Amino acid sequence: MTDRHTPVWADDPGLRNDAHDPSYGQGQQGQGQQGQWPGEQSQDPSWSYEQQYAHQAYPAAQQREVTDSGSWRFDGRTSSYTDQRTYDTFAPYDPYATYTETEPAPTPAPVVPEPEPERPGYVLPPIQESSWAVDTGRSRLLGRLVLLCVLLIQAGLSLRLSGTAFEDEALYVLAGHYEIGNILHGTPVPGDFEGYFSGYPKLYPVLAAMVDSVAGLAGVRIVSLMFMLGATSLLYAMTRRMFDARAAIGAAALFSVVQSTVFLGNFATFDAAAVFFLALSAWIVVRTGRAPIVAVVLAAPPAILAFAIKYAAGLYLPTLVVLAVLTAYRHRGLRAPARGVLLGGAMGALLGAGYLFAGSLGGISQTTTNRAKGADTAAQLLQHSAEWGGLMFLTAVGGSLAYAIRPHMGEMPWLEQVGPGRFRRIALGVLLCGTALLAPAYQIHLQTEVSLFKHVGFGLLFAGPMAGLGISRLVGPHFRHPQLGIMLYVLTLVFGMVQAQQNYSFPDSREMTAVLRPMVDRKGTYLAEEHEVPAYYLRDVTGYAQWQGTFGMDYMDKKGKRYSGPEAYGAAVKDAKFDVIVLRGTVTPDVDTAVTDALRGNAHYRLAAVTRFTTSKGDGAYRIWVKR
Amino acid sequence: MTFPPRTARALRPVRMIAAVLLASALLAGCTTFSGKGRDEYDRAQGEQPGTESPGEASESAKPEPPYDVRPLLQPAKKYLGVAADGAPAKMTSVEDFAKRGGKKPNLIEFYSAWGDQYEAGLVQKTWDYGALAFIAWEPFDASLKDIASGKQDEYIRSYAKSVKALNLPVAISFAHEMNGFWYPWGTKKATAAQFTAAYKHIHDLFDDEGATQVIWVWSPNVVNPMPKVQLKAYWPGDDYADWIGVIGYYAATGPSTYKTLYGPTMSQIRSFTKKPFIIAETAAQAGERKPADIKDLFEGTAKRDDVVGLVWFNFDKETDWRVNSGPLSQKAFREQAADPSFGFDVTKP
């Protein structure tokens, strides 16, 4: 006797039908002859185990017995064969199992040896679980409803931020107006926008300017909100495709409330559009994971568009290529890398075409690859990155670890647990979490914190699916700990909301532009720190070329002496070259000092107004000097 | 009741992950929700840190742009100013002056002692009358040294804030006749360096507060009584003064022509600055020469493009300086003031 358990039904007399299940007790000595083995064998006194075994292995037509559901049945007495412990229907070698069949099978046709295909033509994707059931239409609907709530909260968080145009917003929208003029009428563009923009000036700025002429800056910011809501939705779709609806909700929920998302959702710059197109590209990569590998080429145009809109998005193109390899679910061996190569090749081809079309862009090196080195320390950058995206990143790491250990939570143990192999799971976690570190790492290399709070969000978009998985694992199978997930979401929301408010704090320029308005005309020359802001708001009465910023200029005085840097500003102010001077005091301290020094004892200028503002960094004031 | 062993095992990593997340969140929260972080949040909300409710006034009512005084600095026509008894608190003396002189003055000078609040009401009243207020700010109660060293900053700032809040142009002459010996801020009690330091300090504080509505007047006495005092040492600089308010009277004795009375002072000043002059206090002593003096004053002022006007000291103090001291004087004044180059609407320069 063995120590194994007896199947439940074995003791249930209702299930034991002697007529249909004559094998019960068959093995016991002395009852063998009463047992009703089908066919003449039961009558055969020379019956032996070997013969029975032979029947089991090759059930002959005349030995079949008809039952309700054709199957094998076990009496569960002696065999220690492991398959009996499961409730499986397959146990070909159990000597005590009886084969039953619903109806007598027709005489087996002569077996035509059919060549077995190497691989199946199409393998159905693993069924996504949703608690006790597989994902159904209902769970999809529920997921979308939750996504809608997530998007509403995201919109609310973004829209509660307010303020006058930030320097970059003003510059891009204003540049867009000139670019439209250039495209439509060929009017020259004032300033070498292509030389220092961090994105191609004929893309986003043109869109922004078109919206601006209809709905003003608020409208342009709404467009950004749409982009960010779109990015959240695409993240949801992508994660649902990669994992399941719960992970998708988690990913969308966390991504929608981190400070970068909240901030960019009300910020009229390249960033929101770039994030959206990166998300679109990533979604296409994942969406075409089971399609023929050529389909991945579809992901190349949005990826390159994202890069063209904001060059910094190029940092994430390799991630998309590797993602294409890792999400090639149907393809193993060399065809998976081929998918990546195909995507990479398509991107390269588009880039080449873009290069031929647009020519070399100085802006890429100046604003992205070769940005002026700053003096921010690595520790400071790391600390701030951790504050801005640490929670979501940690969740993503947790999700990656959990994913590496088990591909599923095993909520339905009877389901066949198929999923990507361990290598793919680990690689996916490393890729997506690693991508979140790209921007901080790169900016640590550049030693500058400029825009880092925005760039953190680009990486978090990619870490999103893993974070979603992390939150779903944290909640646990069958929503065991929903409070943990809610806690994490609320915590991220509070951080995101507060940090976005702290970062979204620009000087209120309304009073400044109101003071300047009667002082400016189409002829004057104006020096302004963050000159883009007054140039944008006063674009109806001045031209962009009339405004001189404080980021650098060359100047030659009347005697022919050349100056550059802060000295140039000092000399120009002494010579009363500018009709109006506006300083706010913190953006370019060196030039500010040079200008205020030059204004000291300067009979040409008179302080016209001091307009105060408050930002999260402290109080400040625009000081406006005019020629007497 | 017992839990299946798998459940108990599965709980542990979940708790661990939760604990790690919470710990790291608190770590990150150290700065976001620190005192500094909360201040930043408050400020970003447009509130001052520490205050409970947002400043309603600063939120809702955006102040209008500061008054641009530049058109008043060197107007096409000249100021006809007056300093009269009780004005501008009571306008009767000014109206009397206007009636007798035949022309409405467009500048009214009055005196403000150190420690007085900015007379916003008087400046408003003057403006409503159609004249620019000219305040002679007399530091009787504070030494120039103290003012320069910052001991009076609180008072100066509150004065500047009032100026900014009223947002009307005002001419301010601080410590006038500093080159004379008779005032406590004069040559006997203070040095030129102290004067310029105090003057610049006040000006800087006004600039800092954004009180740009001030026309800064640097107001020396004519050099004739104390020719040894060099004015250049008292000059604060071109960026600190808008007008040079020369003070000089046609007295019974002493110089009695425009050229001799103001000439030496003006030529000395022209050696270091090109700022416009205004005769900040003048009058003629009652006497036979008075009509001639009046004529000389108006003609001399009209002739010089760099003199933006004059202020008649219409008091009967020590001697009768008033225009109506005699019928001939009044007639002469009427005739001279009728000159179209005198008087204009300061509210629409």
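Annotations
- Listed here are the helices (runs of 4 or more DSSP H) enclosed by region A:127-246 that have at least 2 residues being under 21 Å from A:GLY549 (Cβ atoms) and among the basic types (Lys, Arg), and there are none.
- Residue that is farthest from the other protein chains (Cβ to nearest Cβ), among those in region B:196-212 that are buried (at least 24 other Cβ atoms within 10 Å of the Cβ) and in contact with a helix residue (DSSP H, G or I) (Cβ under 6 Å, 6 or more places away or on another chain): B:ALA198
- Residue within region A:471-481 that is of a type outside the set (Lys, Arg), away from chain B (no Cβ under 13 Å) and over 25 Å from A:THR593 (Cα atoms) present: no
- Those residues of region A:482-527 which are in contact with a strand residue (DSSP E or B) (Cβ under 8 Å, 6 or more places away or on another chain), at the interface with chain B (Cβ under 8 Å from one of its Cβ atoms) and farther than 16 Å from A:ALA609 by Cα, in sequence order: A:SER505
- When A:SER505 is tested against (1) more than 22 Å from B:THR32 (Cβ to Cβ); (2) in contact with an Asp or Glu (Cβ under 9 Å, 6 or more places away or on another chain), only condition (1) is not met.
- Residue in region A:569-579 that is in contact with a strand residue (DSSP E or B) (Cβ under 7 Å, 6 or more places away or on another chain), surrounded by fewer than 22 Cβ atoms within 10 Å (Cβ to Cβ) and within 14 Å of another protein chain (Cβ to nearest Cβ) present: yes
- Of the residues making up region B:257-272, those that are under 24 Å from the mean Cα position of the chain (by Cα) and surrounded by fewer than 17 Cβ atoms within 10 Å (Cβ to Cβ) are B:ARG270, B:PHE272.
- Every listed requirement among (1) modelled with pLDDT under 85; (2) outside any loop (DSSP other than H, G, I, E, B) is met by B:PRO54 save one, (2).
- Single unsatisfied condition, B:VAL346 versus (1) in contact (Cβ under 8 Å) with a residue 60 or more places away in the chain; (2) of a type in the set (A, V, I, L, M); (3) outside any loop (DSSP other than H, G, I, E, B): (3)
- The residues listed here are A:ARG623, A:ARG584; of these, the one that is within 13 Å of chain B (Cβ to nearest Cβ), buried (at least 21 other Cβ atoms within 10 Å of the Cβ) and among the basic types (Lys, Arg) is A:ARG623.
- Some residue of region A:173-181 being on the phi < 0 side of the Ramachandran plot, without any contact (Cβ under 8 Å) to a residue 24 or more places away in the chain and not hydroxyl-bearing (Ser, Thr, Tyr): yes
- Each residue in region B:110-144 was checked for being touching a residue at least 60 places away in the same chain (Cβ under 8 Å) and not in a helix (DSSP H, G or I), and 5 of them qualify.
- Unique match (being assigned by TED's automatic domain parsing to the domain that holds B:LYS99, over 29 Å from B:ASP239 (Cα atoms), of a type outside the set (Ser, Thr, Tyr) and free of Cβ contacts under 8 Å to residues at least 12 places away in the same chain) among B:PRO327, B:PRO291: B:PRO327
- Among the candidates B:LYS290, B:LYS317, residue that is charged (D, E, K, R) and crowded, with 17+ Cβ neighbours inside 10 Å: B:LYS290
- Positions within region B:218-267 being assigned to a strand (DSSP E or B) and either free of Cβ contacts under 8 Å to residues at least 24 places away in the same chain or more than 14 Å from chain A (Cβ to nearest Cβ) (or both), in sequence order: B:ASN221, B:GLY245, B:VAL246, B:ILE247, B:TYR250
- Residue list for region B:57-81, restricted to those being more than 12 Å from chain A (Cβ to nearest Cβ) and at pLDDT below 60: B:ALA57, B:SER60
- Any hit, region A:433-443, residues being part of a loop (DSSP other than H, G, I, E, B) and either closer than 21 Å to A:MET238 by Cβ or of a type outside the set (Asp, Glu) (or both): no
- The lone exception for A:LEU527 - which of (1) more than 20 Å from A:VAL257 (Cβ to Cβ); (2) not assigned by TED's automatic domain parsing to the domain that holds A:ASP579 it fails: (2)
The values are calculated or read from the model by the stated rules, or taken from the named source; none is laboratory data. Note that the structure is predicted; figures quoted are calculated from it, not measured. Glycine also receives a Cβ, built like all others from the backbone with ideal geometry; neighbour counts cover every protein chain displayed.
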